[in-house]
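Enquirer: Here it is, the structure in full.
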Amino acid sequence: MERATGDIAPLEVGERALAEGRFEDARRSFRSALAQREAPEAYEGLGWAAIWSEEEAAEGVDAFEHAHRLYLAADDRRGAGRVAIWLAYSYGSLRGQPAVAGGWGERAMRLLEGLAPGPEHVWLLAGGLATMALGRADTGEVRRLGRQAAEMARELGRPDLEAMGIALEGRALVIEGDMTDGMRLLDEAAATSIASGTSEFNSVGLTCCMMLAACELTGDVERATEWCERTSEYAEGHGFRALFAVCRTSYARVLIWRGRWREAEAELQRADRELAAVRPAARGQATAHLAELRRRQGRLDEAADLFAEVDGTRGALLGCAALALDRGDPERACDLVERYLRQTPPSDRAERAVALELAVRAGVECAEPHAVDKAIEELGAIAAAAPTEPLRALASSATGVAAAAAGDPDGARTSFEDAIDLFSRCGARFEAARARLDLARALRDCGRGDAASHEARDARDAFAQLDAVRWRDLADGVLATLVEPTGADTTARPPHRDAPAAARAADAAADLTPRELEVLALLANGLSNRDIATTLVISEHTVHRHVSNLYRKLDVSSRTAAAAYAHRRGLV
């Protein structure tokens, strides 16, 4: 389109400033160009300058809409289609309006249909169709579109756009559980994108965000650290506050997984401040991660408040399920995790694995063996199809929980040992400590009190180092059930059916189940039924049933008498 002589200088100055990341200079130049003549190129440039400066996103959307109208008036379908893609991005990512974004995406496809392939078509494939497929977890479609976009970009000589296609394929592979090939592609994509020297900074942002999101799933803190620092350098160098914040949010989740909770909290607070200023609609991810951190720390009320802020998201659904189990409400946990799994496609293996392990723990507490078996079966299939250490660890943990509930402590022991080794190798400190506490219970039930005490103490120390106060107290509760009086025989023997009543009462502890011993120890330490439920992650109704059984088996009629028995026998 031929430009008037008067607007060549400010338009070119604006384009140069935009390419160099001098967004405020670019805005001023594009406004000068528009003061002379309303050209669609000037509005399009102003749109990106406003959005990338991240202070005037609303101005950017308005500018894109003006550009779209002017391109249509000039019968420039390619320009109109390209700007329709930018509007789809703006309404989806910046304003959180997926329906409007979808409408602009459809408009872009209609306008670009039949035109010779160009960068706009790559953006339509990678930034539009593939991104929407990723949102609905259709990983097969993501891989297909990613490869198609990369091939088209190579033919056009655009390595920055090729990197987007490569990253999409890699991201899909990671979701499917192929961590090795997926991360290899993502490393290539991120390196290519940052080094491409492109002036389309949004392609770099999309590629790097996919890399860091994959690091979240794999818990790869070393890779996440390297790429987070490289992406942060790029973002700060070009004034991308939002990219910087999203980058730090992803990094924080990896830090949570690796037990570096103080660092994670600092990253999340910093990211939240940035997002509040420049991308309020994107704050949900940082909030959900902070809620999960609070849950692990045992600050359950704070976690509940934070999850409520992002109610309606899948992350909040799974977080609230775990929170319900922490609060001793396994029935609600089962309901919530079932809802989460209904919304998470089978192709999203890594996300489903976390939920399935939680489903096993909740199902055991609710005495729902069919649901437990179903979850165990799917977890096993996921770990077989994608035998990565995090997925195998989750499968081993769940198998151990199910075996313990089924009365197979020896089978539970081997599963928990495997889970500890796998969680430790991939740096999941909290999960490893939890599996170690499970192992302590299994060893106790196998009659190996000394080994059980050793594991419970190690778990307690790990929770204390993490400042996971609630879980440290839970470990103390397990340790209380393992303390024996000096010189006592640790092998429990059931009393003979014909033994005198006094002898049966003296040896009544032999009749107590492992869970009843835990309840007795906590009761003797002065905990209420509600506190015991919270500590053991069971419902108050279940605690009441255990206390009633204790009264019957110990032949006592009060909490005081039961506590006195526990102290006499050295159980606390």
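Enquirer: Of the conditions (1) over 30 Å from Ser203 (Cβ atoms); (2) open to solvent by less than 20 Å² (accessible area, probe 1.4 Å); (3) assigned to a helix (DSSP H, G or I), Gly328 satisfies every one except a single condition; which number is it?
Expert: Just one mismatch for Gly328, condition (3).
Enquirer: Another one. Please state which of the following conditions Gly407 fails to meet, knowing it meets all the rest: (1) in a helix (DSSP H, G or I); (2) without any contact (Cβ under 8 Å) to a residue 40 or more places away in the chain.
Expert: Every listed condition holds for Gly407 apart from (1).
Enquirer: Which one of these is of a type outside the set (S, T, N, Q) and either touching a residue at least 24 places away in the same chain (Cβ under 8 Å) or open to solvent by 10 Å² or more (accessible area, probe 1.4 Å) (or both): Ala133, Ala84? If you could, list the steps in order and put the result at the bottom.
Expert: Values: Ala133 fails: either touching a residue at least 24 places away in the same chain (Cβ under 8 Å) or open to solvent by 10 Å² or more (accessible area, probe 1.4 Å) (or both).
Being of a type outside the set (S, T, N, Q) and either touching a residue at least 24 places away in the same chain (Cβ under 8 Å) or open to solvent by 10 Å² or more (accessible area, probe 1.4 Å) (or both) holds for just one of Ala133, Ala84, which is Ala84.
Enquirer: Out of Ala462, Ala502, Ala451, I need the residue that is at pLDDT below 90 and open to solvent by 20 Å² or more (accessible area, probe 1.4 Å). Which one? Give the steps one after another, and end with the answer.
Expert: On the way: Ala462 fails: at pLDDT below 90; Ala451 fails: at pLDDT below 90.
Only one candidate qualifies: Ala502.
Enquirer: I'm trying to understand the selection: among the residues of region 200-218, which are over 28 Å from Glu292 (Cβ atoms) and assigned to a helix (DSSP H, G or I)?
Expert: From region 200-218, those over 28 Å from Glu292 (Cβ atoms) are 200-204; that's our starting set.
Residues satisfying the conditions are Phe201, Asn202, Ser203, Val204.
Enquirer: Of everything in region 375-387 that's within 14 Å of Asp418 (Cβ to Cβ) and either open to solvent by less than 20 Å² (accessible area, probe 1.4 Å) or among the basic types (Lys, Arg) (or both), which residue is modelled with the lowest pLDDT?
Expert: Ala383
Enquirer: Looking at Ala412, Ala393, Ala405, can you tell me which residue is within 16 Å of Arg444 (Cβ to Cβ), among the small types (Gly, Ala, Ser) and open to solvent by less than 10 Å² (accessible area, probe 1.4 Å)? Even if it seems obvious, please write down each step before you answer.
Expert: Working: Ala393 fails: within 16 Å of Arg444 (Cβ to Cβ); Ala405 fails: open to solvent by less than 10 Å² (accessible area, probe 1.4 Å).
After ruling out the rest, the residue left standing is Ala412.
Enquirer: OK, next. Checking Val537 against (1) more than 19 Å from Glu365 (Cβ to Cβ); (2) modelled with pLDDT under 80: exactly one of these is not met. Which one?
Expert: Going through the list (1) more than 19 Å from Glu365 (Cβ to Cβ); (2) modelled with pLDDT under 80, Val537 breaks only (1).
Enquirer: Still on this structure, please answer the following. Need pairs with beta-carbon distance below 6 Å; first residue part of a helix (DSSP H, G or I) and within region 60-78, second hydroxyl-bearing (Ser, Thr, Tyr); sequence gap 6+ or separate chains.
Expert: Listed pairs, sorted by first residue: Val61/Ser90; Ala63/Tyr43; His66/Tyr43; Ala67/Tyr43.
Every residue, every condition in (1) in contact with a helix residue (DSSP H, G or I) (Cβ under 6 Å, 6 or more places away or on another chain); (2) under 27 Å from Phe240 (Cβ atoms); (3) of a type in the set (A, V, I, L, M); (4) modelled with pLDDT under 90, yes or no:
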position	(1), (2), (3), (4)
Arg273	no, yes, no, yes
Arg279	yes, yes, no, yes
Arg294	yes, no, no, no
Asp301	no, no, no, no
Leu306	yes, yes, yes, no
Gly312	no, no, no, yes
Leu323	yes, no, yes, no
Asp329	no, no, no, yes
Glu338	no, no, no, no
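Enquirer: Could you list, in sequence order, the residues of region 236-249 that are in a helix (DSSP H, G or I) and either without any contact (Cβ under 8 Å) to a residue 12 or more places away in the chain or surrounded by 24 or more Cβ atoms within 10 Å (Cβ to Cβ) (or both)? Reasoning before the result, please.
Expert: Looking only at region 236-249, we keep the residues that are in a helix (DSSP H, G or I), and these are 236-237, 241-249.
Within region 236-249, Glu236, Leu243, Phe244, Ala245, Val246, Cys247, Arg248, Thr249 meet the criteria.
Enquirer: Follow-up. Can you pull out the residues in region 31-43 that are open to solvent by less than 20 Å² (accessible area, probe 1.4 Å) and either part of a helix (DSSP H, G or I) or modelled with pLDDT under 90 (or both)?
Expert: Within region 31-43, Ala33, Pro40, Ala42 qualify.
Enquirer: Which condition number in (1) at pLDDT 85 or above; (2) over 21 Å from Arg283 (Cβ atoms); (3) in a helix (DSSP H, G or I) is the one that Gly259 fails?
Expert: It is condition (3) that Gly259 fails.
Enquirer: Between Arg77, Arg16, Arg22, which is at pLDDT 95 or above and either β-branched (Val, Ile, Thr) or out of contact with any His (no Cβ under 9 Å at 6 or more places or on another chain) (or both)? Don't jump to the end; show me each part of the working.
Expert: Numbers: Arg16 fails: at pLDDT 95 or above; Arg22 fails: at pLDDT 95 or above.
Result of the check over Arg77, Arg16, Arg22: Arg77.
Enquirer: Looking at (1) within 23 Å of the chain's Cα centre (by Cα); (2) buried (at least 20 other Cβ atoms within 10 Å of the Cβ), can you tell me which one Gly140 breaks?
Expert: Of everything listed in (1) within 23 Å of the chain's Cα centre (by Cα); (2) buried (at least 20 other Cβ atoms within 10 Å of the Cβ), Gly140 misses just condition (2).
Enquirer: I would also like to ask the following. Would you please list the contacts, defined by Cβ atoms under 6 Å and residues six or more apart or on different chains, that run from a residue in region 250-279 that is within 23 Å of Ala464 (Cβ to Cβ) to a residue that is open to solvent by 40 Å² or more (accessible area, probe 1.4 Å)?
Expert: Pairs found: Leu255/Glu263; Gly259/Arg429.
Enquirer: Next question, about the same structure. Going through region 171-199 one residue at a time, which ones are in a loop (DSSP other than H, G, I, E, B), open to solvent by 20 Å² or more (accessible area, probe 1.4 Å) and either out of contact with any helix residue (DSSP H, G or I) (no Cβ under 6 Å at 6 or more places or on another chain) or under 23 Å from Leu394 (Cβ atoms) (or both)?
Expert: Once the filter is applied, which keeps residues that are in a loop (DSSP other than H, G, I, E, B), open to solvent by 20 Å² or more (accessible area, probe 1.4 Å) and either out of contact with any helix residue (DSSP H, G or I) (no Cβ under 6 Å at 6 or more places or on another chain) or under 23 Å from Leu394 (Cβ atoms) (or both), region 171-199 yields Asp178, Gly197.
Enquirer: If Gly570 passes every condition in (1) open to solvent by 50 Å² or more (accessible area, probe 1.4 Å); (2) closer than 22 Å to Leu437 by Cβ; (3) at pLDDT below 80 but one, which one does it miss?
Expert: Condition (1) is where Gly570 drops out.
The values are calculated or read from the model by the stated rules, or taken from the named source; none is laboratory data. Being a predicted model, the structure only gives us computed values, none of them experimental. Neighbour counts are summed over all protein chains in view; Cβ atoms, including those assigned to glycine, are modelled from backbone coordinates with ideal geometry. Surface accessibility is based on the protein's heavy atoms, side chains included, excluding ligands, DNA and RNA. Shrake-Rupley method; radii C 1.70, N 1.55, O 1.52, S 1.80 Å.
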